[in-house]
Amino acid sequence: MPERSPVLAVIGAGPAGLAATLAAAGRGVRVVLVDSAAEPGGQFYRQPARGLGARRPKALHHQWRTWRRLRTGLDARLAAGQVTYLSEHHVWCVERESPGFTVHALLGPEQRESVALRADGVLLATGGYERVLPFPGWTLPGVVTAGGAQALLKGGLVLPGRTVVVAGTGPLLLPVATGLAAAGAKVAALVESADPRAFAHRARSLVGAPAKLVEGAGHAARLGWHGVPLRVRHTVLEAHGTERLESVTISALDSEGRPVPGSERRVLCDTLAVSHGLLPHTDLADGLGCGLDGVTVRVDEEQRTDVPGVWAAGEATGIGGAALSLAEGHIAGRSAAARLRGTTPDPGAWASAARTRTRLRAFFAALDGAYAPAARWVERVTDGTVVCRCEEVTAGAVRAAVGSLGAGDLRTVKLLTRAGMGWCQGRMCEPGVAGVAGCAPAPARRLLARPVPLGVLAEPADPPPPQ
Amino acid sequence: MNPLRLVRARPGAPFTVTFDGREIEALPGQTLAAVLWSAGVTAWRSTRGDGRPRGVFCGIGVCFDCLVTVDGRPNQRACLVPAAPGADVRTQEGTGHDA
Ligand SMILES: Cc1cc2nc3c(=O)[nH]c(=O)nc-3n(C[C@H](O)[C@H](O)[C@H](O)COP(=O)(O)OP(=O)(O)OC[C@H]3O[C@@H](n4cnc5c(N)ncnc54)[C@H](O)[C@@H]3O)c2cc1C
Ligand code: FES
């Protein structure tokens with residue numbers, strides 16, 4: 001038994017990582033909270049840059065009281081010396097040592113220099129990123145992800161343009177549309193490919209999630225206040241423009257997901273904020289050898305991965321919104337604090353968080369089914385459409401790899417076309433390439449969670465011993 | 001309405017950066033992407049293959065579409081890098097190493 005308190009490295013300072021930090025700190029472990037951003041908060045509670053002097057940041061946020069609680073809690077634990085918070089640390093790899101772990105992180109926005117820190121346990125709360133399926137014109141400047149537009153608004157207090165179409169599918173579209181409208185953008189339309197009736201049909205399983213429904217209804221009402229036209233069972237067929245986005249063509253969809261002939265309409269806009277759902281960040285878990293279930297990190301009731309000493313919480317383990325991330329983070333933090341001290345935790349201590357988790361997981365499973373991307377989207381991806389943005393690989397090239405060259409799986413398609421081999425390591429294009437190729441989406445194995453300068457790899461920093 | 005008014009921002013003193021030689025105004029803390037957006041600029045890279053314009057896509061450092069050359073260093077993600085007074089920001093052509 002070491003005399004010093006065990007060290008828990010929490011990676012990610014979003015709702016999950018913050019809840020985990022507050023739950024573990026002060027329970028006999030020292031927490032090192034590591035995040036790539038300049039301020040804590042993650043995606044949901046992304047804060048305006050300090051220098052912008054926002055006196056009323058809550059105007060861009062929901063559940064502000066919860067944020068105040070997290071922030072005050074973090075400050076108290078920082079002051080008590082129970083937590084060390086490392087901002088602007090981009091973790092690119094977590095190594096298993098015996099015993100413990102070494103966390104490697106690149107410093108600052110430049111990411112040229114790497115530091116290493118030792119920990120006895122690791123809690124992955126890395127959240128997710130957006131999935132966007134390709135369509136003609138989606139590489140034009142002015143086409144951005146819905147969450148990206150939201151991130152620049154919340155963090156930089158800027159709008160992507162004057163006239164915005166918000167499109168795709170999923171629960172993120174509503175807050176993004178209302179956020180942009182409140183901040184002064186003209187939202188020309190919210191184009192949702194799903195059918196709300198499908199959602200209502202599933203609503204039977206939703207009785208347990210009234211807060212979430214109220215939040216959704218609130219957003220819907222705000223859409224009305226801002227005069228945002230809502231187009232359900234519609235899709236963006238194409239984005240138009242030469243050097244930048246000028247307009248989009250939207251169309252109604254029939255029950256089979258086919259565009260309804262004659263329903264096409266041009267909408268003038270300088271911005272298209274588009275999203276087809278979220279995908280979890282799993283690279284660090286994968287690198288540690290944690291098992292995945294499809295594209296999410298597999299965890300047990302205590303949020304433990306199948307690698308001893310590694311926990312995961314929040315959207316890394318499945319997409320379910322900020323409230324679910326908070327509940328999972330709390331459970332993971334309590335479990336980690338107990339286990340790292342060599343004791344067995346009492347699940348009764350987090351019974352309320354566990355109930356919330358059960359409820360919200362069921363709620364989001366139902367949402368996920370309702371908000372599936374429009375069927376037959378692949379048919380609308382023309383051969384000339386770039387599907388891999390980094391390597392500029394077209395849908396035609398992917399189809400040729402499958403057709404005449406006989407590629408039978410995603411790996412072969414990639415080798416033949418270079419799709420997914422660029423800077424983003426396939427994060428952005430994988431669902432699109434898999435769809436166009438007609439292959440099962442196989443989560444790529446990425447050795448490093450961040451591109452790492454060669455000099456760093458040649459001389460890995462020696463971790464300082466834990467204090 | 002605009003975002004600064006919405007949150008009643010009282011930003012620190014503005015400063016300038018140059019974009020392809022032209023001076024544009026920046027507020028402290030804003031990323032280069034935010035600064036370029038507020039100046040109405042949405043593209044600051046041309047792709048290696050087809051020379052097509054690109055700017056922000058994911059907004060959170062994942063997609064690498066927003067690469068830009070800053071003070072002679074190519075491949076900086078504009079959505080992550082904060083603007084510094086006097087920074088010399090240039091459209092990145094291809095890999096940024098061809099020039
Ligand atoms: C761009 C974007 C915008 C979103 N905006 C909204 C919104 O406005 N409203 C809404 O309801 N939902 C939004 N969401 C959904 C959001 O993901 C959840 O609501 C919630 O933030 C999830 O909490 P989390 O703690 O699981 O993850 P996150 O909040 O995503 O937090 C994860 C944290 O981990 C950090 N991180 C990830 N990888 C590393 C690494 N390798 N090294 C160091 N740090 C790392 C990230 O910087 C981040 O701070 C958004 C999602 C995305 C991707
Ligand atoms: S916009 Fe995707 S990395 Fe900057």
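The values are calculated or read from the model by the stated rules, or taken from the named source; none is laboratory data. Bear in mind the structure is a predicted one, so any value in this text is a computation, not a measurement. Backbone-built Cβ (ideal geometry, glycine too); neighbour counts: all protein chains shown. Note: accessible area is taken over every heavy atom of the protein model, side chains too, but ligands, DNA and RNA are not part of it. Shrake-Rupley method; radii C 1.70, N 1.55, O 1.52, S 1.80 Å.
Positive end of the dipole of the protein assembly as shown (Cβ unit charges, origin at the Cα centre): among B:T16, B:F64, A:V165, the Cα lying farthest that way belongs to A:V165. Computed over chain B, relative contact order equals 30 percent, with contacts defined as Cα pairs under 8 Å that lie 6+ residues apart.
Within chain A, how many lysine pairs that are 8 or more places apart, or on different chains, have C-alpha atoms less than 28 Å apart?
Eligible lysine pairs with Cα atoms under 28 Å apart amount to 6.
Taking trypsin sites (Lys or Arg not before Pro) across segment A:1-37, the ones in a DSSP loop with at most 16 further Cβ atoms lying within 10 angstrom of their Cβ are A:R4. Put a plus charge on the Cβ of each Lys and Arg, a minus charge on the Cβ of each Asp and Glu, and nothing anywhere else: the dipole of chain B about its Cα centre is then about 380 debye. The residues A:W225, A:W67, sorted by heavy-atom accessible surface at 1.4 Å with ligands and nucleic acids left out, run A:W225, A:W67 from largest to smallest. Extension gain for A:L237 to A:L448 (0.36 nm times residue separation, less C-alpha to C-alpha distance): 72.4 nm.
Let a ≥ b ≥ c be the square roots of the eigenvalues of the Cα gyration tensor of segment B:34-79; is it rounded (a/c under 1.5), or, if not, prolate (a/b larger than b/c) or oblate? Because its axes are fairly even, with a/c under 1.5, segment B:34-79 counts as rounded.
Against the longest principal axis of chain A, how steep is helix A:210-225, in degrees 0 to 90 to the nearest 10, with axes from Cα atoms? Once rounded, one gets 40 degrees. Each DSSP beta bridge with both residues in chain A is either parallel or antiparallel, and the antiparallel ones are about 50%. By definition, a body whose alpha carbon gyration tensor gives a ≥ b ≥ c is prolate when a/c is 1.5 or more and a/b is larger than b/c, and segment A:213-347 fits this prolate description. What the pair-distance distribution of chain B shows, using all Cα-Cα distances binned every 10 Å from zero, is 17, 49, 27, 6, 1 percent. Across chain A, C-alpha contacts under 8 Å between residues 6 or more apart give a mean separation that, scaled by the residue count, equals a relative contact order of 20 percent. With the simple model of a label 7 Å out from the Cα in the direction of the Cβ, B:R73 to A:R411 spans 3.7 nm.
Expressed as a fraction of 2.2 N^0.38 Å, the C-alpha radius of gyration for the protein assembly as shown is 0.93. What spacing in nm lies between the two simple spin-label points modelled at A:D368 and B:T16, each 7 Å away from Cα in the Cβ direction? In this crude spin-label approximation the distance works out to 5.2 nm.
A cut-off of 5 Å between modelled amide H atoms, ignoring neighbours fewer than 5 places along the same chain, links A:V297 with A:T317, A:G318. Residues in segment A:178-184 carry Karplus couplings, in order, of 6, x, 5, 5, 4, 7, x Hz; the curve used is 6.51 cos²θ - 1.76 cosθ + 1.60 with θ = phi - 60°, and Gly or Pro positions show x. Computed from Cα atoms, the angle from the helix A:351-370 axis to the main principal axis of chain A rounds to 20 degrees.
Note on A:L268 and B:R8: the model spin-label points, each 7 Å out from Cα along the C-beta direction, lie 3.7 nm apart. Per residue of peptide A:56-64, the mean number of Cβ atoms on other chains within 10 Å of the residue Cβ is 2.
Per residue of peptide A:136-149, the mean number of Cβ atoms on other chains within 10 Å of the residue Cβ is 5. Computed on protein heavy atoms with a 1.4 Å probe, the accessible areas place B:T91, A:T305 in the order B:T91, A:T305, largest first.
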